[in-house]
1. With the condition kept exactly as written, say whether any residue in region 114-125 is outside any helix (DSSP H, G or I), of a type in the set (Gly, Ala, Ser) and at pLDDT 95 or above.
2. Considering every residue within region 52-68, establish whether at least one is open to solvent by 70 Å² or more (accessible area, probe 1.4 Å) and not in a helix (DSSP H, G or I).
3. Looking at region 252-262, can you tell me whether even one residue there is open to solvent by 10 Å² or more (accessible area, probe 1.4 Å) and touching a Gly at 6+ places or on another chain (Cβ under 7 Å)?
4. The conditions are (1) within 30 Å of Val56 (Cα to Cα); (2) free of Cβ contacts under 8 Å to residues at least 24 places away in the same chain, and Ser128 fails exactly one of them. Which is it?
5. Among residues belonging to region 263-289 that are β-branched (Val, Ile, Thr) and open to solvent by 50 Å² or more (accessible area, probe 1.4 Å), point out the one that is farthest from the ligand (Cβ to nearest atom).
6. Quick one: is Lys249 in contact with an Asp or Glu (Cβ under 8 Å, 6 or more places away or on another chain) and closer than 28 Å to Glu288 by Cβ?
7. Let me confirm something: among Ala136, Ala172, which residue is assigned to a helix (DSSP H, G or I) and surrounded by 24 or more Cβ atoms within 10 Å (Cβ to Cβ)?
8. Here are the criteria: (1) farther than 22 Å from Ile104 by Cβ; (2) open to solvent by less than 30 Å² (accessible area, probe 1.4 Å); (3) more than 14 Å from the ligand (Cβ to nearest atom). Tell me which single one Gln227 does not satisfy.
Amino acid sequence: MAFEGLSSRLQNVFGKLRGKGKVTEEDLNDAMREVRLALLEADVNFKVVKEFIAKVKEKALGQELQKSFTPGMIIIDIVNKELTELMGGTQSKLAKAAKSPTVIMMAGLQGAGKTTTSGKLALMLKKSNHKPLLVAGDIYRPAAIKQLEVVGSGVGVPVFTLGDQTSPVEIARQGVQHAKDNGLDYVIIDTAGRLHIDEALMDELKQIHEVTKPDEVLFVVDAMTGQEAVNVAQSFHDQLALTGVVLTKLDGDTRGGAALSIKAVTGCPIKFAATGEKIEPLEPFHPERMASRILG
Ligand code: GDP
């Protein structure tokens, strides 16, 4: 699972602190040096690490550690709170339009997991008694439409497609109209990705954005991408004003740096975490639970 390396390194650092009846400033500095290395090794953005350590130190020094009987626990608690903050503090909910349907646009690089995640999101919504519609807006990747149709029929959610000869902008526009006409309350637009960001793709996404005016623009990102994920998220954010992030493949052997940096760098909250290739309901991302899991 994700974060294993980071988790065991941090537990090691805090194991040493936990038992101490006294924590000197030197002990604190040593511990923070190790936390810093652990975060960098987990591929967390270096600026994010620097700010994180500074905040923890400042808070720890304000706590009169010398007077406490459990100074180690105080530090662990501060780190836990800061880690939670780093990942967004509280859970960020999916937007809901005042007037149905709520339009959700999925964006991200090819292979990030957009189509799979669209299916998981549709299933999550269906399970909470909504009526979602999946819109097949990726007309370039061979078999992408078919893949979405298979996903849709697997979870019992309708898929709107106009084949691969109509422009994705038009497909998206008609998809939203189709939802309106048929009383469906969520529209999930699957879009095309490229291996790298390119202008033609961004232009198309911007047009889909203009035409459908999405309530939610979710950036789907493979957590295994590490540092690069943060840069890609930032460029999508600059162009599309993302409203949230979905971290996929957290079941993989990722070091977790993306999860820990993306919110801090882009300001976009991580709304969902996805695991596995099977279409299960998408899980909301809980910063506090993730922090506790990392600290063990
Ligand atoms: P897209 O190009 O962004 O639409 O990506 P796909 O949804 O086609 O996913 C690309 C590959 O990643 C497929 O083989 C998926 O089965 C796999 N995948 C997607 N999400 C996850 C996940 O959360 N965990 C794992 N292990 N694999 C995933």
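1. Residues of region 114-125 outside any helix (DSSP H, G or I): none.
No, there is no match, as no residue in region 114-125 is outside any helix (DSSP H, G or I), of a type in the set (Gly, Ala, Ser) and at pLDDT 95 or above.
2. Scanning region 52-68 turns up at least one residue that is open to solvent by 70 Å² or more (accessible area, probe 1.4 Å) and not in a helix (DSSP H, G or I).
3. Within region 252-262, one or more residues are open to solvent by 10 Å² or more (accessible area, probe 1.4 Å) and touching a Gly at 6+ places or on another chain (Cβ under 7 Å).
4. (1)
5. Start the filter on region 263-289 by keeping residues that are β-branched (Val, Ile, Thr), which leaves 265-266, 270, 275, 279.
Next, from what is left, pick out any that are open to solvent by 50 Å² or more (accessible area, probe 1.4 Å): 265, 275.
Numbers: Val265: 21, Thr275: 5 Å.
Within region 263-289, the match that is farthest from the ligand (Cβ to nearest atom) is Val265.
6. yes
7. Just a single option satisfies the conditions, and that option is Ala172.
8. For Gln227, the failing item is (2).
The values are calculated or read from the model by the stated rules, or taken from the named source; none is laboratory data. Everything quoted here is computed from the prediction, not taken from an experiment. Here Cβ is always computed from backbone atoms with ideal geometry, including for glycine, and neighbour counts include all displayed protein chains. Note: areas computed on protein heavy atoms with side chains; ligands, DNA, RNA excluded. Shrake-Rupley method; radii C 1.70, N 1.55, O 1.52, S 1.80 Å.
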